[in-house]
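Below: the structure, in structure tokens.
Read the figures in this text as sums done on the coordinates, not as results from a lab. This one's a predicted model, so the numbers in the text were calculated from it and none came from an experiment. We place every Cβ from the backbone using ideal geometry, glycine too, and count neighbours over all the protein chains shown.
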């Protein structure tokens, strides 16, 4: 696996692979990789002949009070993880390489509606930052396919929309959330949890799963399910951001006619913000 730090080197390496008739897959990340990220690379290697991963902690998607400065940077360990997972090329640019004219004058990509509410309400501007950096990476690599984890369900919906609306010829693949044995969704931010907080954190998925199971067996009072879920999360030590049931395609509040649903949650355990979701079909 080669590591490059400039767009020029990236494009040259991808051009060589494409000249050999290879199908290009992209896995964008912010580094501090875990087995969930590795699973995305493995899937890309199954679908493409040449896998590009990126590691870039994107300042545009962090708010002024968020953890940009302290976000873990673990490049040597990440390179080993990517190598073992089957990555061929790592693009690890600097902020200056990604935003050579600064971020104040950077053209922004904004996906309306899907970026609003849920995490968009709690993190203003976050999804504009995501959509902008992903659009830049797509233009730099011009992959045939790109793979993202479903843990960031709203992010995946935003990326699908931008690819559709901007006519990008890229297949977007959502890969199921990878979980620890106790159900906690793997996340780079799990490392911020104390031992006691880590033990309590799986309650987030247990509550979501309980709501999904109740819907499957015929419970239709969704407001009651959500209210009970909020109480359970508070009892487990969480400070809730949101717990909602939405239409899985539009992310609009669910109606009686909706059958393709997603339960989405974000909550703080101490100062660490955790997110999770569960996609389900209502009979």
Prolate/oblate/rounded label for segment 145-283 (Cα gyration tensor, a/c 1.5): oblate
Working from Cα positions, state the angle (0 to 90°, nearest 10) between the long axis of helix 75-85 and the longest principal axis of the chain. 90 degrees
Residue 182 versus residue 35, label points 7 Å from Cα toward the beta carbon: distance in nm? 1.5 nm
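How do 159, 24 rank when sorted from fewest to most other Cβ atoms within 10 Å of their own Cβ?
24, 159
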Using a/c under 1.5 as the rounded threshold, could you call segment 2-175 rounded, prolate or oblate? The axes a ≥ b ≥ c are square roots of the C-alpha gyration tensor eigenvalues, and prolate needs a/b larger than b/c, oblate otherwise. rounded
Using only the alpha-carbon atoms, how far is helix 35-47 inclined from the longest principal axis of the chain? Give it as 0 to 90 degrees, nearest 10. 60 degrees
At a 10 angstrom cut-off on C-beta neighbours, averaged per residue, how do the peptides 256-269, 41-54, 174-187 rank from highest to lowest? 41-54, 256-269, 174-187
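If I take R0 = 22 Å and measure r between the Cβ atoms of residue 75 and residue 95 in this structure, what FRET efficiency does the formula 1/(1 + (r/R0)^6) give, to the nearest 0.05?
Values: r = 15 Å, r/R0 = 0.66.
Here the calculated transfer efficiency is 0.90.
For the pair residue 66 and residue 209, what calculated FRET efficiency results from E = 1/(1 + (r/R0)^6), where r is the Cβ-Cβ distance and R0 = 25 Å, to the nearest 0.05?
Numbers: r = 28 Å, r/R0 = 1.12.
The calculated FRET efficiency here is 0.35.
At 222 nm, what value in deg cm²/dmol follows for the chain if DSSP H runs of at least 4 each add -39500 (n - 2.57) and the sum is divided by all its residues, to the nearest 500? Please list the in-between numbers first.
Working: 10 runs with 108 residues, N = 283.
After summing the helix terms and dividing by the residues of the chain, the value is -11500 deg cm²/dmol.
Within 10 Å, count the other beta carbons around each residue, average over each peptide in 100-106, 113-119, 152-158, and list them highest first.
152-158, 113-119, 100-106
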Report the relative contact order of segment 5-105, percent, no decimals, based on alpha-carbon pairs under 8 angstrom and at least 6 residues apart. 35 percent
Highest mean first, what order results for 16-23, 88-95, 161-168 on Cβ atoms within 10 Å? 88-95, 161-168, 16-23
Angle, helix 7-19 long axis vs. longest principal axis of the chain, Cα atoms, 0 to 90°, nearest 10? 80 degrees
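Pull out the extension gain between residue 268 and residue 196, defined as 0.36 nm times the separation in residues minus the alpha carbon to alpha carbon distance; nm, one decimal.
Details: separation 72, 0.36 × 72 = 25.92 nm, distance 1.38 nm.
Gain in length upon complete extension: 24.5 nm.
Between residue 2 and residue 171, 0.36 nm times their residue separation minus their Cα-Cα distance comes to what?
Here the segment from residue 2 to residue 171 would lengthen by 58.4 nm.
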Note to self: C-alpha centroids of segment 160-187 and segment 129-145 sit apart, in Å, by 14 Å
Connecting every pair of Cα atoms under 10 Å apart in the chain and solving the GNM, the largest mean-square fluctuation among 60, 26, 108 falls on 108
Restricting to Cα pairs below 8 Å that are 6+ residues apart, what does the relative contact order work out to for the chain? Please round to a whole percent. 17 percent
Just to confirm my numbers, what's the Cα centroid distance between segment 67-121 and segment 244-283 in Å? 25 Å
FRET efficiency, 1/(1 + (r/R0)^6) with R0 45 Å, evaluated for residue 22 and residue 231 via beta carbons: 0.30
